[in-house]
Amino acid sequence: MAPSSLLISGGRVLDPARGIDEHADLLLADGVVRGIVGRDCSGPSGSYERFDGRGLIVSPGFVDIHAHLRQPGQEHKETIATGTRSAAKGGFTTVCCMANTTPVVDNRAQIEYIQAIAATEGVVRVLPLAAVTMGLRGQELTEMADLAEAGAVAFSDDGVPLASARMMRHALEYGRAFDRPIMPHCDDPELMHGASMNEGPVATRLGLRGMPSAGEEALVARDIALADLTGGRLHICHVSTIGAIDAIRRGKVRGIRVTGEASPHHLTLTDEWVAGQRWLGTGRPFDTNTKMNPPLRSEADRRALVEALRDGTLEAIATDHAPHAPVDKDCEFDAAAFGITGFETALGALLRLHESDDLPLELIVERLTAGPARIFGLPYGTLAPGVSGDVCVFEPTARWQPTMEDFVSKGKNSPYLGQPLVGRVRLTVFGGTVVYQT
Ligand SMILES: [Zn+2]
């Protein structure tokens, strides 16, 4: 009989939810975390597998509350099978997938479809998000209570800003009734119209039409005011500007129920990358792998995001994993699709911020585990005894430069290709089963 226990020995166990940071042996058995040997439990009995964790960090499996798995309808970009394998390679064991598929996840049948495919073809946990409005059209709310009951963990029209303040107000009111967050993609549709990068000196130099920070900040401010009015829970997707951070910070001080997330790319890259700047060598300008929405912003915005993550204004890092097919990106900058592939490079990009002393390692792990779990009220992102055996073991000092072959995702659209990353996942365990190892 195969051993049902796994001992990860000698690693540095980081469990921010419990304030644990110590060198210890971690025991998993029968699909769940048994705990730290000598603290929570005794050593394994009977046959067991051992993974040598010396020199490695042992963290709860990462929780991503914002990703695009593309299924149903865009299987040429990604599927639940490839997306969850990509997530496992990046250390993620819980992935919340956005509703902007084809068809849109705006009814119970679509939620159940994703759950069924994830159960048979996925290798990590997939939790569906549901649309706020039917077809993401912004005109009629979905049956939110029914969708929540079916398993939608939150509601988002991500990809499309919700222009109607009245719709947002009602969504927050309904969401409050069953305690689910509304996750807006904040950008004023009229201000962003037809633009493809951040508005500012770089866009002017390149002759590209820009999206002003004001577009994001206007909708963030509006939605925080509506959260205040309704008492609903608001979670701002991919925060990218100084003004948006300020609004969230002030909202929190006033006791408004608002949270926010930052993406690895907004924390590490700027709009100069659109013009060809790289950490290593030079890139070509107008590289469509630097095109995303919200766009890469200024260095001042990037630094403010890092600070907001540190001081808790932003409580989560979310990848916004957005794989595309070559045909969506192999074109002129203006015509290219928005978004980048995110799972495999998230940790390696983020640990550059640790290496440069901008953020402590424990804090980065917290914002990838306990922070996002707290926002959605999920019982994951910790190594507490009895929780699902979800673990990520990584080498914090490993240096590597991603190539196309490193992406298990169907999407190879990454600005980090060929760039020096720090930190690499060595083992991912989901529900006590090894789903990735290198
Ligand atoms: Zn997104």
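The values are calculated or read from the model by the stated rules, or taken from the named source; none is laboratory data. Quick caveat, the model's predicted, so the values are computed rather than measured. Ideal geometry is used to build each Cβ from the backbone, glycine not excepted, and the neighbour counts take in all protein chains shown.
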| task | Restrict the check to segment 304-324 and report whether at least one residue is closer than 21 Å to His193 by Cα and either surrounded by fewer than 19 Cβ atoms within 10 Å (Cβ to Cβ) or without any contact (Cβ under 8 Å) to a residue 24 or more places away in the chain (or both). | result | no
| note | Conditions (1) outside any helix (DSSP H, G or I); (2) in contact with a helix residue (DSSP H, G or I) (Cβ under 7 Å, 6 or more places away or on another chain); (3) not β-branched (Val, Ile, Thr) -> Leu127 fails only (2)
| message | Yes or no: segment 156-170 includes at least one residue that is free of Cβ contacts under 8 Å to residues at least 60 places away in the same chain, buried (at least 23 other Cβ atoms within 10 Å of the Cβ) and closer than 27 Å to Ser388 by Cα. | response | no
| request: Only residues in segment 407-436 that are over 25 Å from Thr288 (Cα atoms) count as the first member; pair them with residues that are among the hydrophobic types (A, V, I, L, M, F, W, C) and surrounded by fewer than 20 Cβ atoms within 10 Å (Cβ to Cβ), Cβ under 7 angstrom, at least 6 apart or cross-chain, and list the lot. | output: Gly423/Ala398; Arg424/Ala398; Arg424/Trp400; Leu427/Val434; Gly432/Val32
| field | Only one of Leu359, Leu347, Leu378 that is touching a residue at least 40 places away in the same chain (Cβ under 8 Å) and buried (at least 22 other Cβ atoms within 10 Å of the Cβ) | value | Leu347
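Looking only at residues that are outside any loop (DSSP other than H, G, I, E, B) and small (Gly, Ala, Ser) in segment 300-335, which one is farthest from the ligand (Cβ to nearest atom)?
Ala300
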| Candidates Asp21, Asp25, Asp64 - the one that is within 16 Å of the ligand (Cβ to nearest atom) and modelled with pLDDT of 95 or more | Asp64
| query | Out of all the residues in segment 387-411, which are part of a loop (DSSP other than H, G, I, E, B), closer than 30 Å to Pro326 by Cα and of a type in the set (D, E, K, R)? | reply | Lys410
| said: Could you check segment 219-272 and list, in sequence order, the residues that are outside any loop (DSSP other than H, G, I, E, B), touching a residue at least 24 places away in the same chain (Cβ under 8 Å), under 15 Å from Ile182 (Cβ atoms) and not β-branched (Val, Ile, Thr)? | reply: Leu219, Arg222, Asp223, Leu226, Ala227, Asp228, Leu229, Leu234, His235, Gly251, Gly260, Glu261
| Does Thr341 satisfy being farther than 23 Å from Pro212 by Cβ, crowded, with 23+ Cβ neighbours inside 10 Å and within 19 Å of the chain's Cα centre (by Cα)? | yes
| request: Would you mind finding the one in Thr268, Thr259 that is crowded, with 21+ Cβ neighbours inside 10 Å, in contact with an Asp or Glu (Cβ under 6 Å, 6 or more places away or on another chain), of a type in the set (S, T, N, Q) and farther than 27 Å from His193 by Cβ? | output: Thr259
| Residues satisfying the stated conditions in segment 58-90, i.e. buried (at least 24 other Cβ atoms within 10 Å of the Cβ) and β-branched (Val, Ile, Thr) | Val58, Val63, Ile65, Ile80, Thr84
| field | Failed criterion for Gly159 (all others in (1) more than 16 Å from the ligand (Cβ to nearest atom); (2) modelled with pLDDT under 95; (3) part of a loop (DSSP other than H, G, I, E, B); (4) not polar (S, T, N, Q) hold) | value | (1)
| said: Any residue at all in segment 277-299 that's polar (S, T, N, Q), over 29 Å from Thr369 (Cα atoms) and either assigned to a loop (DSSP other than H, G, I, E, B) or within 16 Å of the ligand (Cβ to nearest atom) (or both)? | reply: yes
| field | All positions within segment 74-86 that are of a type outside the set (Ser, Thr, Tyr) and within 16 Å of the ligand (Cβ to nearest atom) | value | Gln74, Lys77, Glu78, Gly83
